[in-house]
Amino acid sequence: MTNSKVYAELTDWVKRVHLLGTVAELMGWDEQVNLPPGAADQRAAQQAALAGATHAAASDPRLGAWLAALEADGALTPDQRAVVKVARRDYDRATKLPPDFVREKAAQSSRGYHAWARAKAHNDFASYAPVLAQNLEFAKREARYLGWEGREYDYMIDKHDPGMSAGVIAKLFAELKRDLVPLVRAIGASPVKPRGDALQGLPVEGQRTFLREVTERLGFDYQCGRIDVSLHPFCTGTGADVRMTTRFKEHEPLDSLFSSIHETGHGLYEQGLAKEHLGTALGIHAGMAVHESQSRLWENQVARSRGFWRCFEPRLREVFPAQTAKVSSDELYLAINTVAPTLIRVDADEVTYNLHIILRFELEQRLFSGQLAVTDLPAAWKAAAQELLGLTPPNDREGVLQDVHWSDGAFGYFPSYCLGNMMAAQLWYRALALRPTLEEDFARGDFRWLLGWLRENIHLQGRRYDMLELTRRVTGEDLSPKHLIRYLRERYGVLYRV
Ligand code: ZN
């Protein structure tokens with residue numbers, strides 16, 4: 001077989017494995033949106049059967065032979081090399097973990113979730129500590145099987161954000177922390193206080209209409225996607241079938257709206273991938289942090305801007321005339337941009353959110369290096385929360401037990417959120433430099449330039465480049481927290497007069 005034929009075989013196969021993955025995603029979406037309660041066991045069996053078929057396809061020995069042939073070929077184009085590199089990474093993950101380990105890990109993951117849920121309900125970290133310690137051991141073993149001995153935490157980070165490492169993140173976060181902690185303190189001490197009651201009691205039907213109009217205007221293609229209701233908002237699917245979810249709360253309409261815009265950012269990325277390459281490195285996202293950069297750019301830089309609200313405020317007042325009658329434009333805008341430290345990450349505003357992530361990253365680093373024992377986590381968490389947020393959790397439920405991630409062994413995931421914020425701000429200033437009238441576009445309800453620019457520079461790039469390289473290529477400089485700090489100072493410094 002000639003190598004061009006081998007390359008065609010490889011890409012066909014990779015796309016097929018990816019297709020199986022999209023079926024699993026669709027079943028996962030259905031499970032959270034539609035599944036009748038009595039069907040849970042049947043769905044678990046369906047998912048297990050599909051996972052078996054997917055793993056068999058992903059570890060097919062022919063893939064190994066094709067990869068070896070292509071890796072020895074010096075004449076591949078840069079695009080082909082990118083496809084081969086990502087396929088190799090996936091193939092190694094599918095073949096280098098012993099089947100016994102994979103089985104044990106799946107059982108551990110389910111044990112972990114239940115132990116965490118119980119511990120959280122009873123505020124009982126001690127009962128969860130041994131399971132969490134085992135999760136840590138499983139993560140380290142997985143890293144070693146894949147050749148990351150001695151760099152286990154780097155493996156966990158690279159798993160979510162290819163090319164990223166703990167050392168790079170530590171440097172970025174240290175710089176961010178230096179400037180962010182004083183900014184949060186200054187905002188906290190500001191006499192400017194948002195009205196907590198500015199938007200309450202908004203009927204769900206109106207919220208549904210409004211957020212549909214907003215997300216459609218931003219560019220989400222409802223011919224190739226949908227939005228439904230689930231307990232926790234998420235976005236799944238790719239290409240021509242992207243599924244978003246939201247939830248409605250009459251007294252927290254901003255939560256529904258902004259989480260929908262966040263998921264729309266994820267959805268626009270997936271809808272913008274190169275259709276003909278879906279599944280290969282040329283048609284998949286570049287990692288969790290880049291994904292978050294897209295959701296957060298739309299949620300924060302765009303949807304919290306004055307320009308955006310010049311467009312949508314009149315419509316909001318039209319849909320909710322009674323509820324908005326006693327709220328001035330300035331009060332509305334300040335309520336949308338409320339900043340107040342909280343103990344809970346998922347309730348945090350976009351300024352303090354980053355401190356929640358730095359806290360988790362610093363603890364993960366110490367857990368992996370052995371400097372911190374799992375049993376000492378609750379105390380370490382409390383101390384870090386006091387240092388970073390100026391708040392001490394009164395109990396572990398509002399501290400170390402609040403997030404589900406570690407219960408599933410998903411270490412190294414948290415940094416993606418904050419890296420995404422950094423990248424979003426850096427992309428924002430690059431876009432503004434190229435088109436200084438961006439907010440005037442928004443005020444007219446026109447988001448096409450921004451979406452077009454992201455399509456070309458981020459979405460259609462797929463996974464050709466890792467996050468650091470992609471940032472450099474698009475913005476002309478290395479990823480840096482200085483853009484995020486500048487953005488937060490510009491937006492919140494004015495609002496809170498600090
Ligand atoms: Zn997200």
key: Cα-based convex hull volume of the stretch 430-498 per residue, rounded to whole Å³   = 102 Å³
FRET efficiency for A174 and T2, using Cβ-Cβ distance with R0 set to 60 Å, rounded to 0.05 = 0.70
message = With θ taken as phi - 60° and the coefficients 6.51, -1.76 and 1.60, list the Karplus ³J(HN,Hα) couplings across the stretch 187-203 in order, rounded to whole Hz; mark glycine and proline as x.
response = 5, x, 8, 5, x, 6, 10, x, 6, x, 9, 4, 10, 9, x, 8, x
inquiry  = With a 1.4 Å probe and all protein chains left in place, how much of the accessible area of the stretch 166-496 comes from carbon and sulfur atoms, in whole percent?
reply    = 51 percent
query = Not counting the cut sites, what is the longest span of the chain without GluC sites (Glu not before Pro) that DSSP labels loop and that have at most 14 other Cβ atoms within 10 Å?
reply = 251-476
task = Taking the dipole about the Cα centre of the stretch 94-138, with the C-beta of Lys and Arg at +1 and of Asp and Glu at -1, give me whichever of F125, S110, P98 is farthest to the positive side.
result = S110
task = Would you tally the net charge around R464, using a Cβ to Cβ cut-off of less than 11 Å, leaving R464 out, and scoring K and R as +1, D and E as -1?
result = +1
request  = Amide H neighbours of G279 under 5 Å, at least 5 residues apart or on other chains, H built in the peptide plane: list them.
outcome  = I284
message = I need the semi-axes of the equivalent ellipsoid of the stretch 3-146: take the C-alpha gyration tensor, multiply each eigenvalue by 5, square-root it, list largest first in whole angstrom.
response = 36, 21, 12
remark   = The extension gain from E216 to V229, computed as 0.36 nm times the residue separation minus the Cα-Cα distance, is 3.0 nm
message = For the stretch 3-146, what does the accessible surface come to per residue with a 1.4 Å probe? Please give it in Å².
response = 54 Å²
request  = Would you grab the residues whose amide H sits under 5 Å from the one on V242? Only those 5+ places off in sequence or on another chain, please, with H modelled 1.01 Å from N.
outcome  = G225, R226
remark   = Regression test value, accessible area per residue of the stretch 166-496, probe 1.4 Å, units Å², expected 38 Å²
inquiry  = Loop-only trypsin sites (Lys or Arg not before Pro) in the stretch 400-494, please: DSSP not H, G, I, E or B, and at most 15 other Cβ atoms within 10 Å.
reply    = R444
inquiry  = Could you derive backbone 3J(HN,Hα) for the stretch 429-443 from the dihedral phi with the Karplus parameters 6.51, -1.76 and 1.60 (θ = phi - 60°), listing whole Hz in sequence and x where the residue is Gly or Pro?
reply    = 5, 5, 4, 5, 5, 7, 9, x, 8, 3, 5, 5, 4, 4, 4
request  = Compute the long axis of helix 253-271 from its Cα atoms, compare it with the longest principal axis of the Cα atoms of the chain, and write down the angle in degrees, 0 to 90, nearest 10.
outcome  = 40 degrees
request  = Name the residue farthest towards the positive end of the dipole of the chain from the options H18, V346, V404, assuming +1 on Cβ of Lys and Arg, -1 on Cβ of Asp and Glu, about the Cα centre.
outcome  = V346
inquiry  = Give me the dipole magnitude in Debye, nearest 20, for the chain about the Cα centre, with unit charges on the beta carbon: positive for Lys and Arg, negative for Asp and Glu.
reply    = 580 debye
task = Determine the share of the stretch 3-146's accessible area contributed by carbon and sulfur atoms, expressed in whole percent, with a 1.4 angstrom probe.
result = 58 percent
key: Whole-Hz couplings from phi, Karplus 6.51/-1.76/1.60, listed for the stretch 480-491; x for Gly and Pro   = 8, x, 5, 6, 5, 4, 4, 4, 5, 5, 5, 6
Where D79, D441, D376, D228 fall by accessible area, highest first, once all protein chains stay in place (1.4 Å) = D376, D79, D228, D441
ask   = So, in nm, how far is label A68 from label D330 when the simple model puts each one 7 Å beyond its Cα toward the Cβ?
value = 7.3 nm
task = Compute the distribution of all C-alpha to C-alpha distances in the chain, in bins of 10 Å from 0, and list the percent of pairs in each, rounded to whole numbers.
result = 4, 17, 28, 29, 16, 5, 1, 0
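The values are calculated or read from the model by the stated rules, or taken from the named source; none is laboratory data. Keep in mind the model is a prediction, meaning the values are calculated, not measured. Please note: Cβ atoms are built from the backbone with ideal geometry, for glycine as well, and neighbour counts cover all protein chains shown. Side chains included, ligands, DNA and RNA excluded: accessible areas come from the protein's heavy atoms. Shrake-Rupley method; radii C 1.70, N 1.55, O 1.52, S 1.80 Å.
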